[in-house]
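The values are calculated or read from the model by the stated rules, or taken from the named source; none is laboratory data. Everything numeric here is computed off the predicted structure, so don't read it as measured data. For the accessible areas, the whole protein counts, side chains as well, though only heavy atoms, and no ligand, DNA or RNA atoms are used. Shrake-Rupley method; radii C 1.70, N 1.55, O 1.52, S 1.80 Å.
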Amino acid sequence: MRLALFDIDDTLIRGDCEVLWSRYLTREGLYDMSEIERFCAEYHAGTLDYDAFTRFQLAPLAALDAEVIREHRQRFLDDEIAPLVCELLQERVADHRERGDVLLSISAAHDFLARPISRMAGIDGELSTRAERDGRGFTGRTTGRACFREGKIGCLEDWLAENDADWDALED
């Protein structure tokens, strides 16, 4: 198996999708995301409490009506993310697809954003932090392994196992 992995933030798109989403929600008056700058500073300093950040990021999904949040996500993707998709990377994705490589994005971003952004960039599969859902919608928590820092390796190993493969099965 030939595998091509792409990060989302500052790779597939020019920017950080969760930060951009937070700013979008704030501009729309849907949520007070004023803490985002503090989390950004902690991330860059290497002191980020990822669990606290994730609860903060997922709070709007749990607090707002599911249909309203999906409509806003689509507007956000169309208006703010689409212009940020890197054209050079789209060419790289096309090259990998032509070679028959398996294409995956791998991102700490939660799947509510990571999945559609990956599709916009022409990538079929994604490994990301999973937002927990129940019968009513989002709970505001995550489920499973966080796809952050060393967790990305664990998520990839989980994906390989789910696809009856391991590191030795990778040709490239």
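Worth pointing out:
- Whole-Hz Karplus values for segment 132-140 come out as 5, 10, 10, x, 9, x, 7, 9, x Hz, taken residue by residue from phi with 6.51 cos²θ - 1.76 cosθ + 1.60 and θ = phi - 60°; glycine and proline positions read x.
- Residue among 116, 60, 83 with the largest mean-square fluctuation in a Gaussian network model of the chain, springs linking Cα atoms under 10 Å: 83
- Highest-fluctuation residue, 71, 98, 80 considered, GNM on the chain with Cα pairs under 10 Å: 98
- In order along segment 111-127, the Karplus-derived 3J(HN,Hα) couplings, from 6.51 cos²θ - 1.76 cosθ + 1.60 at θ = phi - 60°, round to 4, 4, 9, 4, 4, x, 5, 4, 4, 4, 8, x, 10, 6, x, 9, 10 Hz, and Gly and Pro are given as x.
- With protein chains left intact and a 1.4 Å probe, residues in segment 39-149 average 51 Å² of accessible area per residue.
- Once the Cα atoms are used to define both axes, helix 17-27 deviates from the longest principal axis of the chain by about 20 degrees.
- Expressed as a whole percent, the accessible area of segment 48-106 that falls on carbon and sulfur atoms is 47 (1.4 Å probe).
- Structure remark: mean-square fluctuation, Gaussian network model of the chain, C-alpha springs under 10 Å; the largest value among 61, 84, 48 belongs to 48.
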